[in-house]
1. Enumerate the lysines that Lys40 could reach by cross-link, defined here as Cα to Cα under 30 Å, with residues fewer than 8 away along the same chain left out.
2. Provide, in order from the shortest bin, the percent of all Cα-Cα pairs of the range 10-72 in each 10 Å bin, continuing until the bin that contains the maximum pair distance.
3. Return the distance in nm (one decimal) between the two label points of a simple spin-label model at Glu24 and Val240, each offset 7 Å from Cα along Cα→Cβ.
4. Only four residue types carry charge here, +1 at the Cβ of Lys and Arg and -1 at the Cβ of Asp and Glu. Report the dipole size of the range 112-193 about the Cα centre in Debye, rounded to the nearest 20.
5. Between Ala288 and Val182, what FRET efficiency comes out of the Förster formula 1/(1 + (r/R0)^6) with R0 = 45 Å and r the beta carbon distance, rounded to 0.05?
6. If r is the Cβ-Cβ distance from His120 to Ser36 and R0 is 30 Å, what FRET efficiency results, to the nearest 0.05?
7. Based on C-alpha coordinates, I'd like the Rg and Dmax of the range 219-335, in Å.
8. Could you order the peptides 284-294, 23-33, 309-319, 60-70 from most to least packed, using the average number of other C-beta atoms within 10 Å per residue?
Amino acid sequence: MARDNNKLTGIQKAAILFITLGPEASSSILKRLPESDIQKITYEIANITSVTSEQRTEILDEFLEMNRAQDYIVEGGIEYARTLLSKALGTQRASEILEKITEATQQYRPFAIARKADAHQLLNVIMYEHPQTIALILCYLQPDRAAQVLAELPEETQSEVAYRIATMSNTSPMVIKEIEKVLESKLSSVVRSEMTSLGGVESLVDILNQVDRTTEKNITESLEREDPELADLIKSSMFVFEDIVTLDDISIQRVLREVDGKELALALKGCSDEVANAIFRNQSKRAAAALKEDMEFLGPVRLMDVEKAQQKIVSIIRRLDDAQEIIISRGGEDAIIL
């Protein structure tokens, strides 16, 4: 469904922007947004069936203009930004952009990445910061998360931070933004033409197949509450690592020719016996024995690494399916008659 840009909400524009950017870039941005926004945006992506090239260009231009305006504001304030934008885009367009930024800023709450971070990770990043900085960050956390971090600080730091929280009044927005920028950088290093048919279930599936499993689960569960029929359609269109058992033996053998042995060993760690056996039975006895040895040799591994390896294999399966070299049976029209 093509839409008039002037009538689009911010969420709808974000959905079109993500479709325009493609699944890889979109998934890396999407997982960093608040869960409520993720749910709204993915719902819009699933319900957009077409977008004109003009719409895509306008929304991308608006995104770039907003980014440029934000940079100007950080550099020299609102009036500085207004002067530069007026010279580049005209007075009316500059005012429109700054008005949108003002509205968004009023709804913006700093340190979103800190609120989403694991308490232990956050503690490791901030525990050696100045007590005033720690106090400022804790003020923006959920009370239970702030309590976890405070309890783990060294005793001499705990009382100092608590005192500064109690006596804190106003803090410069520029200071907050600078601290937030540094914190985000540190946390990121430890946590990561004519009408064109775009959007819809296929676009959402492409994105969901590249996000982490937790994000995928949150989104599909939310969609089940919002629109059970749409959620069923999305889930039936998706392929996860465990679905390897639904492939026929010839398809599994074709996939295995594309997969690195070390990657496969990592992907199979912790999977069900049914999945492992589906792989083993489609290898020679010698190859299966070697794979089992590789799995034992790996020892304990991080869940994050296992899921990453599984996702790489799923990407290979989807690529082979798109090339019609294998068949992923999803029922209905995809049902195979032998």
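The values are calculated or read from the model by the stated rules, or taken from the named source; none is laboratory data. From a predicted model like this one, the values you see are computed outputs, not experimental measurements. Note that each Cβ is placed from the backbone with ideal geometry, even for glycine, and that neighbours are counted across all protein chains shown. Please note that ligands, DNA and RNA were not included when accessible areas were found on the heavy atoms of the full protein model with its side chains. Shrake-Rupley method; radii C 1.70, N 1.55, O 1.52, S 1.80 Å.
1. Lys40 reaches Lys7, Lys13, Lys31, Lys100, Lys116, Lys177, Lys181, Lys186, Lys217, Lys235, Lys308, Lys312.
2. The calculated distribution, bin by bin, is 21, 53, 25, 1.
3. Going from the Glu24 label point to the Val240 one covers 2.5 nm.
4. Values: 8 positive and 10 negative charges, 81 e Å.
Dipole magnitude for the range 112-193 comes out near 380 debye.
5. Values: r = 50 Å, r/R0 = 1.11.
Taking R0 as 45 Å, the efficiency between Val182 and Ala288 is 0.35.
6. On the way: r = 25 Å, r/R0 = 0.82.
For His120 and Ser36, the calculated efficiency is 0.75.
7. Answer for the range 219-335, Rg first and Dmax second: 15.5, 50 Å.
8. Values: 284-294: 12.8, 23-33: 16.7, 309-319: 19.2, 60-70: 14.8.
Put in order of decreasing packing, that is 309-319, 23-33, 60-70, 284-294.
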